[in-house]
Amino acid sequence: MIQIMNNVTVRNIIRFISLILIQVLVLNNMNLSGYLNPYLYILFILLLPANINRSLLLIIAFLTGLTVDYFGNTLGLHASACVAIAFMRPGTINLFFRNYEFNSGESPAPASIGYRGFLKYAISLTFIHQIILFYLEVFSLNNFLFTFSKVMLSTVLSVLLMMIAILITSKRKKS
């Protein structure tokens, strides 16, 4: 039991550091014509164990968002969007994977729920994250369609990057 917990903890610490570094050092410094803002770091929240304590999930999401806010000087925008998706995450998992029984420490990753299931899960929470983030950023509905197009394009790019990251880091089955 302790060995499994330590393995999951170490894996998540390494995932956190890696995704935050990629986000703040690479993705935040990319200029993609002002429309596209990929946010790969939310993959950390998506891949936390499915049966994690809800209070701990909210705290981890807040600290994750606050870390990105600190490096991006965004005054709590990412923290609020991360807490919102962390709050909605258990319900989303229950909605999409009602019939799946997650083991202790198992995350809703493609290895356990399949790529189609993970794609539904990732798109829905990433879309919610982007809506909250971009509309809080502009804090106006004046340019609703422009902001919504940014939300859509950034969601697509973020999920695409997430899938690439998962494919790169997933262990290959030996035939």
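No value in this document is a laboratory result; all are computed from the given coordinates. Everything quoted here is computed from the prediction, not taken from an experiment. When we count neighbours, we look across all protein chains shown, and the Cβ atoms used for this are built from the backbone with ideal geometry, even at glycine.
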* Please turn the phi angles of the range 84-96 into ³J(HN,Hα) values with the Karplus equation 6.51 cos²θ - 1.76 cosθ + 1.60 (θ = phi - 60°), one per residue in order, whole Hz, x for glycine and proline. => 4, 6, 5, 5, 7, 4, x, x, 5, 4, 5, 5, 7
* **Degrees separating the helix 54-72 axis from the principal Cα axis of the chain, which is the longest one** => 40
* To do: Mind putting together the pair-distance distribution for the chain? All Cα pairs, 10 Å bins, whole percent per bin, short to long.
  => 9, 38, 37, 12, 2, 0
* Asked: How far, in degrees from 0 to 90, does helix 144-169 lean away from the longest principal axis of the Cα atoms of the chain, to the nearest 10?
  -> 30
* Asked: Using DSSP loop states and a limit of at most 15 other Cβ atoms within 10 Å to flag trypsin sites (Lys or Arg not before Pro), what is the longest stretch of the chain containing no flagged site?
  -> 1-97
* Asked: In the range 117-175, what chymotrypsin sites (Phe, Trp or Tyr not before Pro) fall in a loop by DSSP, with at most 12 other Cβ atoms inside 10 Å?
  -> F139
